[in-house]
Every structure is written in structure tokens, then in C-alpha cells.
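S.K.: Questions regarding the structure given below will be posed in turn.
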Amino acid sequence: MSDQDHDHHHHHDHSNEIHPHQLQPPHEVFHDPKAGEVARVWICGGALSLSLHSMAFGKADVWGHVLAGMAQQVAAAAAEMGHGNASDNFAAIRKVLNEDLNKVAAQLSPLANKS
């Protein structure tokens, strides 16, 4: 397998590479020595691909606050780009998010009942 071949079973270090579609970190992080990246999210091959610092907060429930904060910022950013207003955008995000969370809960439910 050459270095250019990628699949889900072959992982190698890309930490020194910059992807052409990679976003820059928010400017504030360069002024806070305690700042730390907790998630990097990509759409790859039509699916979500994540790189997480899953224990950044120690408890899973804190991720609920992170995801809610992300939804709020996405809603505001969309409004700033001329797409509706922040309140309507947030309501739309919340509706779809709740639908998708319910689907995930249904998928996880049989597994939870077996334990």
C-alpha cells in the first residue's frame, strides 16, 4: 500500500499536513494559552468524520452544552450570511437535531436493553 492509499484500516500520522479545505482556528485561541481544540468535524465520503478529544471535559453530559453552543453559533452565522434570522435558524436546527437524536436513541435502545 502506498502512502497515497487511504482506507479505514490503515491509519498514519497526518498531523504535519494541511488539508486544502481545512479551516483556520478562531483568532481568539491564539490569545489564550489555555485554549484547546476539542473537536474537528468533516464530511467525507458523504458521512460525518470526527476527530475528538473525547475526555476534554471528563463527563459526557458537558458535550450537550458544547453541541448546544455550536447550534447557537451556526444559527447566528447563517443569519450574518443573509440566511434568515438567528432565532428561526436555531429553531430549524433544533427541530432536525431532535429528530436525528430520536433516531439515534432508537438505534441504541436495543443495545442498552441487552446490557
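S.K.: Which condition number in (1) modelled with pLDDT of 95 or more; (2) among the β-branched types (Val, Ile, Thr); (3) touching a Ser or Thr at 6+ places or on another chain (Cβ under 8 Å) is the one that Val41 fails?
M.R.: (1)
S.K.: From the set of residues in the stretch 64-115 that are at pLDDT 95 or above and outside any helix (DSSP H, G or I), which is surrounded by the fewest Cβ atoms within 10 Å (Cβ to Cβ)?
M.R.: Checked the stretch 64-115; the qualifying residue surrounded by the fewest Cβ atoms within 10 Å (Cβ to Cβ) is Gly82.
S.K.: On the given criteria, is Ser54 among the hydroxyl-bearing types (Ser, Thr, Tyr), farther than 25 Å from Gln22 by Cβ and at pLDDT below 95?
M.R.: no
S.K.: Filter the stretch 29-63 down to residues that are among the aromatic types (Phe, Trp, Tyr) and over 20 Å from Leu97 (Cα atoms) and give me whichever is surrounded by the fewest Cβ atoms within 10 Å (Cβ to Cβ).
M.R.: So the residue we want is Phe30.
The values are calculated or read from the model by the stated rules, or taken from the named source; none is laboratory data. Nothing here was measured: the structure is a model prediction, and the numbers come from that model. Glycine also receives a Cβ, built like all others from the backbone with ideal geometry; neighbour counts cover every protein chain displayed.
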